[in-house]
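> Below is one structure. I have some questions about it.
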Amino acid sequence: MFTHHCSACSRRQLMFFSQVARSTEVADGIEVSFTCWCGEDQTALLADVTATRTTADIAAGDRGLVAA
Ligand SMILES: [Zn+2]
């Protein structure tokens, strides 16, 4: 699983790999497409498949899972 800062609901959500509809290997890692808990389609770049944060989370800063 990994966390993702959703651009639609502006929440940091815990996503499960079972929610990933598509994954594409790119130069910087793996780009995944999935549906957020709010229902919006999202994409994220996982720089390392063992990482638990997406690059969007890292850019947004580490505010904790409960941050709104
Ligand atoms: Zn969302």
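The values are calculated or read from the model by the stated rules, or taken from the named source; none is laboratory data. For clarity, every value in this text was computed on a predicted model and none was experimentally measured. Don't worry about glycine lacking a Cβ; one is built from the backbone with ideal geometry, like all the others, and counts go over all protein chains shown.
A quick yes/no check of all residues on (1) at pLDDT 80 or above; (2) not polar (S, T, N, Q):
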{"position": "29", "(1), (2)": "yes, yes"}
{"position": "34", "(1), (2)": "yes, yes"}
{"position": "43", "(1), (2)": "yes, no"}
{"position": "51", "(1), (2)": "no, yes"}
{"position": "56", "(1), (2)": "no, yes"}
{"position": "59", "(1), (2)": "no, yes"}
{"position": "64", "(1), (2)": "no, yes"}
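> Under the condition of being of a type in the set (A, V, I, L, M) and touching a residue at least 24 places away in the same chain (Cβ under 8 Å), which residue from region 45-58 is farthest from the ligand (Cβ to nearest atom)? Can you show your working first?
First, pick out the residues of region 45-58 that are of a type in the set (A, V, I, L, M): 45-47, 49, 51, 56, 58.
Among the residues that remain, those that are also touching a residue at least 24 places away in the same chain (Cβ under 8 Å) are: 46, 51, 56.
Details: 46: 17, 51: 20, 56: 12 Å.
Filtering first and then ranking leaves 51.
> Related question: With the requirement that a residue be under 10 Å from the mean Cα position of the chain (by Cα), part of a strand (DSSP E or B) and more than 9 Å from the ligand (Cβ to nearest atom), what does region 6-34 give you?
12, 14, 15, 20, 31, 32, 33, 34
> Quick check on my filter: what residues within region 35-44 are away from the ligand (no atom under 11 Å from the Cβ) and among the hydroxyl-bearing types (Ser, Thr, Tyr)?
Of all residues in region 35-44, those away from the ligand (no atom under 11 Å from the Cβ) come to 43-44.
Within region 35-44, 43 is the sole residue that qualifies.
> Any residue in region 21-44 that's in contact (Cβ under 8 Å) with a residue 24 or more places away in the chain: show its pairings with residues that are surrounded by 14 or more Cβ atoms within 10 Å (Cβ to Cβ) and of a type in the set (Phe, Trp, Tyr) at Cβ separation under 8 Å, as long as the two are six or more apart or on different chains.
As it stands, the answer is 42/34; 44/2; 44/34, since those pairs meet every condition given.
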